Amino acid sequence: MADEASRADTGLGYAVNAPYYELILPAEHWAGVAESLGPLLKDARAVAEIGAGTGYYTEAMLGFLPPDAEIFAIEPARVMRAALVTRLARLPEAERRVTVLPEDAATADPGTDLDAVVLLNLVMHFAPDERERLWRTWAERLATGGLLIVEAQYPQRTEPVPPSTVPGRTLGHHRYETVSRADVVAESIVRWVNTYRTWEGDRLVREETAEFDCHVISDERLTEELSAAGLAPVPDAPEGLRVYRRCI
């Protein structure tokens, strides 16, 4: 399989949806997740954010982490990393506090013990054998008491998800929306089909589609895998997040 940089260079990976990413984010959901992260990370001094994307949560964490905390923003996709670095370059506090790592989740190494590892909108891209290595690698890099944070996975079962339209933002004369559905393509795999639409008034200006095969992971399966890696679930985690702690 080609690495992510090669995929991006050949128009795969996030090459289709990256230009729309900031315009079609479900803002209310993302803001709610960022708000939930704050109390979990209030004492963290070193955080790895795996799959930092365009840096939405990276910027949010700079606002609520302790002032001496540092973030290792891991993003292998070139097109996404370009947006990430552009965002960080305009934030004065990022200059001394954020290190961008271009490696993928399997090879990136912050070089220090971590108080938290954050993986959002990412886990579904890893097959079960890849997840086993992923969990063990990052559990070992957590300090005792450190947290691994993921979002609740959707869907929880291997079943089709009917199309739904998510309205995005307006930019000048154009407004943006996404039509998403998931089709079952194999055991424990669904294919998300995301169509990005650009409208000018009632006229459809542009329509592009990206497809991603994603692995279905229930909460129960997630807990089993992370427990095998030495992490214990944290009770009463914020709604929408699943939080695990390294106890030894």
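Is it the case that segment 163-185 has a residue that's in contact (Cβ under 8 Å) with a residue 12 or more places away in the chain, surrounded by 15 or more Cβ atoms within 10 Å (Cβ to Cβ) and under 22 Å from GLU49 (Cα atoms)?
Checked against the condition, which is being in contact (Cβ under 8 Å) with a residue 12 or more places away in the chain, surrounded by 15 or more Cβ atoms within 10 Å (Cβ to Cβ) and under 22 Å from GLU49 (Cα atoms), segment 163-185 yields no hits at all.
Here is a check on your reading of the model: is ALA232 in contact (Cβ under 8 Å) with a residue 40 or more places away in the chain and in the same structural domain as LEU25 (by TED's automatic domain parsing)? Talk me through it step by step, then tell me what you get.
Numbers: in contact (Cβ under 8 Å) with a residue 40 or more places away in the chain: no; in the same structural domain as LEU25 (by TED's automatic domain parsing): yes.
In short, no.
Within segment 140-154, can you find the residues that are assigned to a strand (DSSP E or B) and surrounded by fewer than 16 Cβ atoms within 10 Å (Cβ to Cβ)? I'd like the intermediate steps shown before the answer.
Applying the first criterion (assigned to a strand (DSSP E or B)) to segment 140-154 yields 142-151.
ALA143, THR144, GLY145, listed by residue number.
When you check SER218 against the structure, is it out of contact with any Asp or Glu (no Cβ under 9 Å at 6 or more places or on another chain) and over 28 Å from GLY38 (Cβ atoms), yes or no? Walk me through it before giving the result.
On the way: out of contact with any Asp or Glu (no Cβ under 9 Å at 6 or more places or on another chain): yes; over 28 Å from GLY38 (Cβ atoms): no.
Here the answer is no, as SER218 does not meet what is asked.
Mind telling me which of the residues GLU140, GLU70, GLU75, GLU93 ends up being among the charged types (D, E, K, R) and more than 19 Å from LEU37 (Cβ to Cβ)?
Of the residues listed, the single one that is among the charged types (D, E, K, R) and more than 19 Å from LEU37 (Cβ to Cβ) is GLU140.
Among the residues of segment 110-139, which ones are buried (at least 16 other Cβ atoms within 10 Å of the Cβ), within 18 Å of ILE71 (Cβ to Cβ) and among the small types (Gly, Ala, Ser)?
Across segment 110-139, the qualifying residue is only ALA116.
Does THR198 fit the bill of being among the polar types (S, T, N, Q), over 21 Å from MET124 (Cα atoms) and touching a residue at least 24 places away in the same chain (Cβ under 8 Å)?
Yes, satisfied.
Testing ALA210 on (1) modelled with pLDDT under 95; (2) loosely packed, with under 12 Cβ neighbours inside 10 Å; (3) among the small types (Gly, Ala, Ser), one condition comes back false. Which one is that?
The failed condition is (2).
State the number of residues belonging to segment 1-36 that are of a type in the set (Val, Ile, Thr), over 18 Å from TRP192 (Cβ atoms) and at pLDDT 90 or above.
Of the residues in that region, 1 qualify.
Filter segment 83-92 for residues that are surrounded by 13 or more Cβ atoms within 10 Å (Cβ to Cβ) and without any contact (Cβ under 8 Å) to a residue 40 or more places away in the chain and give the result.
Within segment 83-92, the subset surrounded by 13 or more Cβ atoms within 10 Å (Cβ to Cβ) is 83-85, 87-88, 91.
Within segment 83-92, LEU84, VAL85, ARG87, LEU88, LEU91 qualify.
Restricting to segment 213-232, what's the tally of residues that are surrounded by fewer than 16 Cβ atoms within 10 Å (Cβ to Cβ), within 21 Å of the chain's Cα centre (by Cα) and part of a strand (DSSP E or B)?
Qualifying residue count, segment 213-232: 1.
Is it the case that ARG157 is in contact (Cβ under 8 Å) with a residue 60 or more places away in the chain, under 29 Å from GLU239 (Cβ atoms), over 19 Å from the mean Cα position of the chain (by Cα) and not in a strand (DSSP E or B)?
yes
I need the helices (runs of 4 or more DSSP H) fully contained in segment 54-113, keeping only those with at least 1 residues that are under 28 Å from GLU132 (Cα atoms). Give the steps one after another, and end with the answer.
Numbers: elements: 56-64, 78-89, 94-97.
Because the criterion is at least 1 residues that are under 28 Å from GLU132 (Cα atoms), the helices (runs of 4 or more DSSP H) in segment 54-113 that meet it are 56-64, 78-89.
The values are calculated or read from the model by the stated rules, or taken from the named source; none is laboratory data. This structure is a prediction, so every number in the text was calculated from the model and none was measured. Because the Cβ atoms are built from the backbone with ideal geometry, glycine has one as well, and the counts that use them run over all protein chains shown.
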